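Each remark here refers to the structure printed beneath this line.
The values are calculated or read from the model by the stated rules, or taken from the named source; none is laboratory data. For clarity, every value in this text was computed on a predicted model and none was experimentally measured. Note that each Cβ is placed from the backbone with ideal geometry, even for glycine, and that neighbours are counted across all protein chains shown. For the accessible areas, the whole protein counts, side chains as well, though only heavy atoms, and no ligand, DNA or RNA atoms are used. Shrake-Rupley method; radii C 1.70, N 1.55, O 1.52, S 1.80 Å.
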Amino acid sequence: MPYDVAAFRARFPALDQGYAHFDGPGGSQVPAEVGRAVAETLTAPIANRGRITPAERFSDDVVLGARAAMADLLGADPRGIVFGRSMTALTVDLARTLATSWGPGDEVVVTRLDHDANIRPWVLAAERAGATVRWVDFDPTTTELSADAVAAQLSDRTRVVAVTGASNLLGTRPPIPEIAARVHDTGALCVVDGVHLTAHVSVDVAALGADVFLCSPYKFLGPHCGVLAADPAWLETVRPDKLLPSTDAVPERFELGTLPYELLAGTTAAVDVLGSLAEGESRRDRLVAGMAAVQAHEDRLRGRIETGLAWIPGVEVLSRAAHRTPTLLVRVPGGERRAHSALAERGVFAPAGSFYALEASRLLGLGDEGALRIGLAPYSDDADVDRLLDGLATIAGQD
């Protein structure tokens, strides 16, 4: 069931400035409800978590509420939801912790499709442990990453496979359930970077087969923080470094220092905004239906963009995977940085670069300039698409 995009856009103060935002993969705009939740939490009576004073109960309820909200969004167990400063920070901490049990002969598998946040933490941890890093290439012609390509790098010494749920550069969505099944056949751990995926589709961590799933609320209408989802029973087996007086309970043992309560309140608000796009008996039901509506809306707009780009001379679309998010990587006549600037002058924001997907950019043969990335969001509309296509047509016609 489609949602009222005009009414939805009215909830975003940033859209009042008249710009067309196509950098959803870099971070979304924020609805007023999220801003209010952050501000109201910052200014409410608050204290360290507890259940005695109203201030203690308030902060505790904020944390528990955010765990429940993210569990509903991801189809996960709230007892396995960990919050951190960012997805990158959580991954660095996780890799460093797991690597304490690795040694020479152990292997870690990473893919060139991934954002560097799901590559470098594992490479650095493996190097320090004396373990071997194995690389999986995607097909630069189709931009597909196959389960067979991943399986070819697996062995009985594989300890972790880190793979993206969706490429932030190309939009490619690898077959994660099939990859996870292959990984589990070797007894290894499957860690999925779900940052880009979570913003565009309904996620079910168990159905994906991910042992660890990470995402970032600021990519789906929320504030800047990171989230890790895992089976709480597995988290019980992991022993991270922590302060002596801090709790050893899961998931708190992974959360270093006092949590940013205001950001967690904003995260809950963002999840509730997404849940408001559809009806259902539970918040999980509303989120599944709401994200299905988001996916249908964004895919329709992506189709309009792809059709329009096909008529613009000299434009090359590099995103070619059959299964992908509404994200397009584009080469433009005259250079991508020039196109970025020219579009910005028209109030259309579509940036150029490698966007931390350095290995993917290199495999595609892109130079330092990278390429132009066009990313849709739930609040994108047809008028935005018209402005983008008109701008690119004008730029191409000037050469």
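For the reader, a short list of remarks on this structure follows.
- Qualifying residue in segment 357-367 (condition: open to solvent by 10 Å² or more (accessible area, probe 1.4 Å), in contact with a Leu (Cβ under 7 Å, 6 or more places away or on another chain) and modelled with pLDDT of 95 or more): yes
- Restricting segment 330-343 to residues that are open to solvent by less than 40 Å² (accessible area, probe 1.4 Å) and modelled with pLDDT of 95 or more, the residue that is nearest to the chain's Cα centre (by Cα): VAL330
- Taking the listed residues VAL92, VAL30, VAL34, the one that is open to solvent by 50 Å² or more (accessible area, probe 1.4 Å), under 20 Å from the mean Cα position of the chain (by Cα) and over 24 Å from LYS242 (Cβ atoms) is VAL30, with no other qualifying.
- Failed criterion for ARG57 (all others in (1) over 23 Å from the mean Cα position of the chain (by Cα); (2) open to solvent by 50 Å² or more (accessible area, probe 1.4 Å); (3) of a type outside the set (A, V, I, L, M, F, W, C); (4) under 18 Å from PRO217 (Cα atoms) hold): (4)
- Members of segment 154-168 that are touching a strand residue (DSSP E or B) at 6+ places or on another chain (Cβ under 6 Å) and open to solvent by less than 10 Å² (accessible area, probe 1.4 Å): THR158, VAL160, VAL161, ALA162, VAL163, THR164, GLY165
- Among residues of segment 190-222 being in contact with a Phe, Trp or Tyr (Cβ under 6 Å, 6 or more places away or on another chain) and assigned to a loop (DSSP other than H, G, I, E, B), the one that is surrounded by the fewest Cβ atoms within 10 Å (Cβ to Cβ) is GLY194.
- Selection over segment 266-304 of residues that are open to solvent by 50 Å² or more (accessible area, probe 1.4 Å), among the polar types (S, T, N, Q) and in contact (Cβ under 8 Å) with a residue 60 or more places away in the chain gives a count of 1.
- One residue from VAL250, VAL227 being touching a helix residue (DSSP H, G or I) at 6+ places or on another chain (Cβ under 8 Å) and assigned to a loop (DSSP other than H, G, I, E, B): VAL250
- Scanning segment 72-87 for residues that are buried (at least 21 other Cβ atoms within 10 Å of the Cβ) and assigned to a helix (DSSP H, G or I), we see that the one that is nearest to the chain's Cα centre (by Cα) is MET87.
- Of all the numbered requirements in (1) within 22 Å of the chain's Cα centre (by Cα); (2) over 27 Å from GLN17 (Cβ atoms); (3) among the hydroxyl-bearing types (Ser, Thr, Tyr), TYR379 misses one, and that requirement is (2).
A quick yes/no check of all residues on (1) surrounded by fewer than 20 Cβ atoms within 10 Å (Cβ to Cβ); (2) over 22 Å from VAL227 (Cβ atoms):
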| site | (1), (2) |
| --- | --- |
| TRP102 | no, yes |
| VAL109 | no, yes |
| ILE119 | no, no |
| VAL136 | no, yes |
| PRO140 | yes, yes |
| ALA147 | yes, yes |
| ALA152 | yes, yes |
| ALA181 | yes, yes |
| THR186 | yes, yes |
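- Boolean, ASP382 is open to solvent by 10 Å² or more (accessible area, probe 1.4 Å), at pLDDT 95 or above and acidic (Asp, Glu): yes
- Hey, THR307 modelled with pLDDT of 95 or more, within 23 Å of TYR379 (Cβ to Cβ), polar (S, T, N, Q) and within 24 Å of the chain's Cα centre (by Cα) or not: no
- Failed condition for ALA6, given (1) surrounded by fewer than 14 Cβ atoms within 10 Å (Cβ to Cβ); (2) under 23 Å from the mean Cα position of the chain (by Cα): (2)
- Selected residue [of a type outside the set (S, T, N, Q) and over 22 Å from PHE12 (Cα atoms)] from ARG286, ARG253: ARG253
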